[in-house]
1. Looking only at residues in the stretch 86-103 that are touching a strand residue (DSSP E or B) at 6+ places or on another chain (Cβ under 6 Å) and at pLDDT below 75, which one is least open to solvent (accessible area, probe 1.4 Å)?
2. Looking at the stretch 193-205, is at least one residue at pLDDT 90 or above, of a type outside the set (Lys, Arg) and under 18 Å from TYR41 (Cβ atoms)?
3. Of all the residues that make up the stretch 162-190, how many are at pLDDT 95 or above and either closer than 18 Å to ALA71 by Cα or surrounded by fewer than 16 Cβ atoms within 10 Å (Cβ to Cβ) (or both)?
4. Where the second residue is basic (Lys, Arg) and part of a helix (DSSP H, G or I) and the first is in contact (Cβ under 8 Å) with a residue 24 or more places away in the chain and lies in the stretch 107-127, which pairs have Cβ atoms under 6 Å and are six or more apart or on separate chains?
5. State the number of residues belonging to the stretch 123-161 that are under 18 Å from LEU48 (Cα atoms) and either part of a strand (DSSP E or B) or in contact with a strand residue (DSSP E or B) (Cβ under 8 Å, 6 or more places away or on another chain) (or both).
6. Can you say whether GLU231 is out of contact with any Ser or Thr (no Cβ under 8 Å at 6 or more places or on another chain), modelled with pLDDT of 70 or more, surrounded by fewer than 17 Cβ atoms within 10 Å (Cβ to Cβ) and part of a strand (DSSP E or B), as far as the supplied structure shows?
7. What is the one condition in (1) open to solvent by less than 10 Å² (accessible area, probe 1.4 Å); (2) of a type in the set (Ser, Thr, Tyr); (3) modelled with pLDDT under 70 that SER217 does not satisfy?
8. Consider PRO106 against the criteria (1) modelled with pLDDT of 90 or more; (2) touching a Leu at 6+ places or on another chain (Cβ under 7 Å); (3) not charged (D, E, K, R): it satisfies all of them except one. Which criterion is unmet?
Amino acid sequence: MMLRMVVRDCLYLNWALPAAAVPEPPAPLRYQRHPWNGRDYIFASVLLFHQDAIRLAAIPLPRLGYPQLNARFYVLDGEGIPGVLLHTMLMPAWVASGVRLMARQPAAGASLDFPRPSRDAAARSWRWRAERHGTLTVRAWVDSPAVGEGPRLGTWEETVRYFQDRPRGYAVCAGGLRRIDVSHPPAPVWPLRAELDGDGLLRRLLPFAGPETDGGSAAWPALHSTWLTPEMPFSFALDLVPSVPVVQHLPHPAAGRVASPVLRSDVLLPSGAESGPQAVLASAA
């Protein structure tokens, strides 16, 4: 079944995390590892966006839209194809149960209050808020392209491509690893700076066992990069590949390591090629 939708005002919050501080992904997935300051790092993101006009590709109506937050890790699959592993998907409760049932994705109900920067471009800043057994608040504003803490991935454009050019998405649901193939045209981005408040929810979105703070919890690193994609149409298939049983396995060695710049011809698609930034966006971006 082929679906189409438009993702609007998608905020990317990206972090570089020590590879040793996150649980290994299910086989055959492996993290893309990047050496930095003597250690291997992997990337994780939280995306906050409005999913709009979701519909069957062959039927223009009816259409459905709602806000969503998803948290993902960046991986390579058994064929070496770049993808994302969705760990958590938050959306309004009225749609979460349907996503779990029909798309078999890790969806949960939450209170989401997201702005529409593309409709209010003159604002000095925008504020996002998500709440589910904890709260995450983000304030962001337009700034010049910049990369913060973590490995360098080349130019700003190459950094954006690294996170967005992901033609495959994976999610663990009901004991199986499910794959969805996604395609989308290139889309412009707005470079942003962001401030986060309330990491109680963030710790539930992305498992991370980093160095502890005085309070005994893992200290989150500073953001690696942040931007907003005002609009991106894309399509995805829900039933291309059957569910694959999740296999427990030992941590992968350096086979997943990728030296910077990361945009190697044998790993990532060339710029402009159809691919999916949101990968498993089966209800999302």
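The values are calculated or read from the model by the stated rules, or taken from the named source; none is laboratory data. Everything quoted here is computed from the prediction, not taken from an experiment. Every residue, glycine among them, receives a Cβ derived from its backbone with ideal geometry; neighbour counts consider all protein chains shown. The protein model used for the area step is the full one, side chains on, heavy atoms only, and it has no ligands, DNA or RNA in it. Shrake-Rupley method; radii C 1.70, N 1.55, O 1.52, S 1.80 Å.
1. Per the stated criteria, the residue is VAL99.
2. no
3. 2
4. Taking only residues 6 or more apart or on different chains, the pairs are ALA107/ARG100.
5. 17
6. When the stated conditions are applied, GLU231 does not pass them.
7. So the condition that SER217 fails would be (1).
8. Only one criterion is unmet by PRO106, namely (1).
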